[in-house]
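As structure tokens, the structure follows; a few thoughts come after it.
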Amino acid sequence: MGKKSAKKSKKSKKQGATAKAAPEQAIGDALRVTPGFRLAELDPAATPGFSGKKKDAAKAMDAVREEIEDLQERLFAGGRDDSGPSILLVVQGMDTAGKGGIMRHVVGSVDPQGVQLHAFKAPTEEEQRHPFLWRIERELPEPGYIGVFDRSHYEDVLIVRVHDLVPPETWGGRYDEINDFEKAANDREIHLIKVMLHISADEQKARLQERLDRPDKYWKFNPGDIDERHFWDDYQEAYQAVLDKTSTDENPWYVVPADRKWYARLAVQQLLLDQLRALDLGWPDADFDVAEQQKRLAAT
């Protein structure tokens, strides 16, 4: 085989590997919640929009990292004058669903100076003195940033509902409040990506067992997670209500099967990339005379 034939063969193999690694369809289209969606009917081990294996997912993620870095820099540069769009990635899921892995492998792969991450825990005494969205409003991303909520305002219609922390008439009215709040965020050019990591009860049990089996995982184990397993069905019902009532045309939910961690990370990365592409980001114009500054620099 000649040198040209050998190079052509290598190029073909590389193109074939790239094609295999890429999603067969827009993952977002496969995961978007539409009317009639039933959480119980989605297999948590499925890989919608992707037929490859773990190694193929890793290649697919690597293949778009440079593009994501470029688009994030454009987003950040555009916000330097305190105007322009931002992105808010909302990540919800049962304990052990893989939120930490999303933070490390997806959020952690972009420039940290352009990320505003907040993990919402039980509200403080001060926060309890305000409407439930008060603390959320304070953490919305500034122009040019990718904001990330590790848990979010949806806890106020999930754990609050499951454990009867407030009367039903209180949490029942919050769905409309949330929709109005998110629409107001859109009006400020905040683009939401709402992700539910969908894990099975068996997979959660296996992950909790691993934390008990490995000393290096003890720090991640919370005995309360076992208590919460007794409310599994109640949580599934609460999540279904969230999807039914707050997946809107403007701010849809994406349910990501999460039994396969590698697929969940690929899916969320793709959702982030789709949103960055949709913003059609350019570079901001110079606010100075470029030619003049070039002459000044040349003279030094």
Treating the beta-carbon of each Lys and Arg as +1 and of each Asp and Glu as -1, no other charges, what is the dipole magnitude of segment 127-172 about its Cα centre, to the nearest 20 debye?
40 debye
Of the residues Trp134, Met103, Leu71, the Cα lying farthest along the dipole of segment 54-142 towards its positive end, which is defined by charges on the beta carbon of Lys, Arg, Asp and Glu, belongs to Met103
Read-out Rg and Dmax of the Cα atoms in Å, candidates [x] 22.0, 77; [y] 20.9, 66; [z] 19.0, 62; calculated match is [x]
So for segment 185-300, using the alpha carbon gyration tensor with a ≥ b ≥ c as root eigenvalues (a/c under 1.5 gives rounded; past that, a/b versus b/c decides prolate or oblate), I'd call it prolate
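Given charges of +1 on the Cβ of Lys and Arg and -1 on the Cβ of Asp and Glu, with all other atoms neutral, how large is the dipole of segment 98-192 about its Cα centre, in debye to the nearest 20? The partial results should precede the final answer.
Working: 11 positive and 18 negative charges, 76 e Å.
Approximately 360 debye in magnitude.
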Going by average Cβ neighbours within 10 Å, how do the peptides 93-100, 254-261 rank, with the highest at the top?
254-261, 93-100
Taking the dipole of the chain about the Cα centre (Lys, Arg +1; Asp, Glu -1; charges at Cβ), the one of Ile87, Asn179, Ala258 that reaches farthest to the positive side is Ala258
Can you compute the charge dipole magnitude of the chain about its Cα centre, using +1 on each Lys and Arg Cβ and -1 on each Asp and Glu Cβ, nothing else charged? Give it in debye, rounded to the nearest 20.
2580 debye
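Could you rank the peptides 288-295, 221-228, 133-140, 149-156 by their average count of other C-beta atoms within 10 Å per residue, with the highest value first? Each step should come with its number before you reach the end.
On the way: 288-295: 9.4, 221-228: 12.4, 133-140: 15.8, 149-156: 21.2.
In decreasing order of mean packing, 288-295, 221-228, 133-140, 149-156 become 149-156, 133-140, 221-228, 288-295.
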Taking a threshold of 31 Å on the Cα-Cα distance, which of the pairs Lys54/Lys205; Lys59/Lys183; Lys183/Lys205; Lys59/Lys194 fall above it?
Lys59/Lys183; Lys183/Lys205
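None of the figures in this text is laboratory data; all of them are computed from the coordinates on show. If you're wondering where the values come from, they're calculated on a predicted model, not measured in any experiment. Using ideal geometry, Cβ is built from the backbone for each residue, glycine included, and neighbour counts are taken over all protein chains shown.
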